Amino acid sequence: MTDLLKNKVCVITGAGRGIGQATAILFAKEGAKVFLTDVDEDPLNDVVETLRCSVSTCNVACMPADVTKLSDCENVMKAAADKLGNGSIDVLANIAGMTKDKIIQKMTLEDWNFILSINLTGTFNCIKAAEPYMRGAAKKEQEESGKIKTRSIINISSTSGTTGNPGQINYAASKAGVIGITKTVAKEWARFNITCNAVAPGVIETRLTRAKKEGEEFGIPEKQKEMILALQKETGLAREPGQPEDVAKVILFFASPLSSYVTGQVLTVAGGVIGSI
């Protein structure tokens, strides 16, 4: 542990599984005060229990919430600022996301709206709800002392959003939109010492990318997964496919002082497998 986030108040959405869970664990190990949220309460509570058992100094709180509902997001940010941050939030990691893949001619408007509401509107809702405790807190610091501490927002895009991907028109559109949000927030809030960057993972081993078997809700078809693994061996780094921890490390970089003069950027985490699938 290097204490890169010592005493920083960090809100992590989608913290119950995958990249969100890995980020929560890494942030806690780096000394952060973590406020976790997820739409699924049971896995969220499991992560909190894991942190309390494995990180002796961990300061953690949680609240189930649906990022598609602005009121839920407002409740989360207020609780995080009140319980852990004395009215302020230092880091917001917008990790909650979902896929629902279909080719264009089979994509329904319901499928389209469902994914955009979580991935794109959910990201907007969280940033808007965090504004009083990030931008607002920075303005108050500026007025009182003339000094503003660095705060960070990290959004999750995807290589589907940067290069497109067959069968993911809704997901690709939502993740491209996240890039637009990221660059706009970076420009609007830079003068308040708030950085806003995005991470664009490729295929990372989570429940959304596992080989999908008949009757399962999440995952990708087994033949497609085999093609991805073959491509990984041919063009990717000589190791296993990407893990949630690989993405969490980059999120940590953007959340830490190491990137305090970096904003509006999109960093791909794909092990060299870019734009081919």
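The values are calculated or read from the model by the stated rules, or taken from the named source; none is laboratory data. Here the structure is a predicted model, which means the values were calculated and not measured. Virtual Cβ from ideal backbone geometry, glycine too; neighbours counted across all protein chains shown.
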Inset, instruction - Could you list, in sequence order, all residues of the stretch 75-97 that are within 19 Å of the chain's Cα centre (by Cα), buried (at least 18 other Cβ atoms within 10 Å of the Cβ) and not aliphatic (A, V, I, L, M)? - result: 90, 94, 97
Inset, instruction - For residue 47, work out the one condition from (1) crowded, with 19+ Cβ neighbours inside 10 Å; (2) outside any strand (DSSP E or B); (3) touching a residue at least 40 places away in the same chain (Cβ under 8 Å) it doesn't fulfil. - result: (3)
Legend entry - Count of the stretch 73-106 residues which are in contact with a strand residue (DSSP E or B) (Cβ under 8 Å, 6 or more places away or on another chain) and without any contact (Cβ under 8 Å) to a residue 60 or more places away in the chain: 2
Legend entry - Conditions (1) closer than 24 Å to residue 203 by Cα; (2) of a type outside the set (Ser, Thr, Tyr); (3) touching a Cys at 6+ places or on another chain (Cβ under 7 Å): number failed by residue 52: (1)
Inset, instruction - Output the residues belonging to the stretch 98-130 that are surrounded by fewer than 17 Cβ atoms within 10 Å (Cβ to Cβ) and closer than 30 Å to residue 151 by Cα. - result: 128
Inset, instruction - Filter the stretch 1-44 down to residues that are assigned to a loop (DSSP other than H, G, I, E, B) and crowded, with 24+ Cβ neighbours inside 10 Å and give me whichever is nearest to the chain's Cα centre (by Cα). - result: 14
Inset, instruction - Please report, ordered by residue number, the helices (runs of 4 or more DSSP H) entirely within the stretch 111-183 with at least 1 residues that are modelled with pLDDT under 95 and within 16 Å of the chain's Cα centre (by Cα). - result: 159-163
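Each row is one residue, and each column tells you yes or no for (1) farther than 24 Å from residue 177 by Cβ; (2) modelled with pLDDT of 70 or more.
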{"site": "200", "(1), (2)": "no, yes"}
{"site": "203", "(1), (2)": "no, yes"}
{"site": "218", "(1), (2)": "no, no"}
{"site": "222", "(1), (2)": "yes, no"}
{"site": "240", "(1), (2)": "yes, yes"}
{"site": "256", "(1), (2)": "yes, yes"}
{"site": "260", "(1), (2)": "yes, yes"}
